[in-house]
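Peer 1: Please read through the structure below; I'll follow up with questions.
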Ligand code: F6P
């Protein structure tokens, strides 16, 4: 179904359905900047423009299963645009595999569906990544729930949208960190390894690495050759560049024969995950960044240090760009619901904001295509991507 970006077409594209009077909002998965901006973007028009009741579901799907909710009023959406995190709370819990006190997991999908009905919800807005969309689709199929999704993650790897909110803020944080690390690397003539988040996709490492002028950028999509990386650093040294910045995504790992070629849709995710896990076990508690720094120091005889940015990349106030994106996606979600359009995720395609069927999104990963312009850009400014 070729969705147009014209709201007036949307109602026709799915047919008129009963108008929503009461909606639920939940945030699920890892938090990210601009979640509150997105909640606000949905809640304000839903309340004031469409006259809906808005119920906040606390701590993701766990709150739906445990029936922990809060009726939201205008005051709840005030003053949150610039606040990081999610005032509703979040969790990584899934209805069909809900952890219970003894550590086992129980399928509580039926409970989630029952509570959706008990709350008299006409639609559930789910802010999350690929996993959240998959869990939302499961509820839609099993309980005929009306769902609208919004794509969030600093990893920027949700299928079906060109960009997720949270990404721009994380990229800014990482680029600023790289800027700061340049001065100390230069003073000590060192290799500074910067480990970023990004388990399965390298958008954050690639974008921030190019923005920060990194000399090496290693991403999960391009399993790297350690000797090739070391040679690029030694070659820099020979050209008088006595320090280097190496950005490595936490999910990046050395090439193995089975994974040498690219993997645009993440279809080899299982194999990559296995290779990544294998590396993680080799790297040990220090993580891949520390392991890489030690390996490069040993190969180049240059001092190497590591900075693991961790959850700093997910914290704090969102950039204006993320606030804009989250507000836009949120208001379109409210508009879709008012028009009776469900079972979709609101996505950005080019400059347009369009609804994409959840079936298209769920369970898929948007990894960096090997022919992506940003890969070419990095190569053109002499960045080593570990493969040549
Ligand atoms: O949300 C995505 C992400 O930030 C990944 O990049 C990272 O590996 C993971 O979440 C960390 O998860 P947690 O916050 O549960 O440790």
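Peer 1: Can you give the FRET efficiency for residue 242 and residue 371, using 1/(1 + (r/R0)^6), R0 = 41 Å, r = Cβ-Cβ distance, to the nearest 0.05?
Peer 2: Working: r = 34 Å, r/R0 = 0.83.
After rounding to 0.05, the efficiency reads 0.75.
Peer 1: Quick one: helix 130-143 against the long Cα principal axis of the chain, what's the angle to the nearest 10°, folded into 0 to 90?
Peer 2: Approximately 30 degrees, to the nearest 10.
Peer 1: Could you please tell me the mean projected area of the C-alpha convex hull for the range 39-123, averaged over all directions and given in square nanometres to one decimal?
Peer 2: Numbers: hull surface 24.2 nm².
With every direction weighted equally, the projected area is 6.1 nm².
Peer 1: How large, in Å, is the chain by the Kirkwood hydrodynamic radius built from its alpha-carbon pairs? List each step's numbers first, then the result.
Peer 2: Details: mean 1/r = 0.0460 Å⁻¹.
When all Cα pairs of the chain are included, the Kirkwood radius is 21.8 Å.
Peer 1: Let me ask something additional. At a threshold of 8 angstrom on Cα-Cα distance, excluding pairs fewer than six apart, so keeping six or more, what relative contact order does the range 329-372 reach in percent? Display every interim value, and only then the final one.
Peer 2: Numbers: 27 pairs, mean separation 12.0, N = 44.
The normalised contact order for the range 329-372 reaches 27 percent.
Peer 1: Give the percent of DSSP beta bridges with both residues in the chain that are antiparallel, rounded to the nearest 5.
Peer 2: Details: 14 of 47 bridges.
Once the DSSP bridges in the chain are tallied, antiparallel ones form about 30 percent.
Peer 1: Using 0.36 nm times the number of residues separating residue 179 and residue 231, minus their current alpha carbon distance, what extension gain do you get? Could the numbers behind the result be given before it?
Peer 2: Working: separation 52, 0.36 × 52 = 18.72 nm, distance 2.36 nm.
So the chain would gain 16.4 nm between residue 179 and residue 231.
Peer 1: Roughly what would the spin-label model give for residue 70 and residue 142, points 7 Å off Cα along C-beta, in nm?
Peer 2: Distance between the two pseudo-spin positions: 2.8 nm.
Peer 1: Continuing with the same structure: Peptides 238-249, 36-47: what's the order by average Cβ count within 10 Å, highest mean first? Display every interim value, and only then the final one.
Peer 2: Numbers: 238-249: 20.1, 36-47: 25.4.
Sorting 238-249, 36-47 by mean packing, highest first, produces 36-47, 238-249.
Peer 1: Would you mind ranking 218, 119, 237 by Cβ crowding within 10 Å, fewest neighbours first? Don't jump to the answer; show the numbers that get you there.
Peer 2: Details: 218 33, 119 19, 237 16.
With the fewest neighbours first, 218, 119, 237 line up as 237, 119, 218.
Peer 1: As an exercise, use a Förster radius of 35 Å and the Cβ-Cβ distance of residue 106 and residue 285 to find the FRET efficiency, rounded to the nearest 0.05. Could you put the intermediate results ahead of the total?
Peer 2: Details: r = 31 Å, r/R0 = 0.90.
Efficiency, rounded to the nearest 0.05: 0.65.
Peer 1: Just to confirm my numbers, what's the Cα centroid distance between the range 39-97 and the range 130-177 in Å?
Peer 2: 16 Å
Peer 1: Highest mean first, how do 147-155, 342-350, 101-109 rank when packing is the count of other Cβ atoms within 10 Å averaged over residues?
Peer 2: Values: 147-155: 29.3, 342-350: 21.1, 101-109: 11.6.
Ranking the peptides 147-155, 342-350, 101-109 by packing returns 147-155, 342-350, 101-109.
Peer 1: Now a separate question. Taking neighbour Cβ counts within 10 Å as the exposure measure, how do 236, 351 sort from fewest upward?
Peer 2: Numbers: 236 20, 351 7.
If I rank by nearby Cβ atoms, fewest first, I get 351, 236.
Peer 1: Counting other C-beta atoms within 10 Å, which of 322, 157 has the fewest, and how do the rest follow? Mind dumping the intermediate values first?
Peer 2: Working: 322 28, 157 25.
Least crowded to most crowded, the residues run 157, 322.
Peer 1: Separate question: Given a cut-off of under 8 Å on Cα pairs at least six residues apart, what relative contact order in percent is computed for the chain?
Peer 2: On the way: 872 pairs, mean separation 94.7, N = 388.
In percent, rounded to a whole number, it is 24.
Every number here is computed from the coordinates shown, using simple stated rules; none is lab data. Keep in mind that this is a model prediction, so the values were computed, not measured. Note that we place each Cβ from the backbone using ideal geometry, even for glycine, and neighbour counts take in every protein chain shown.
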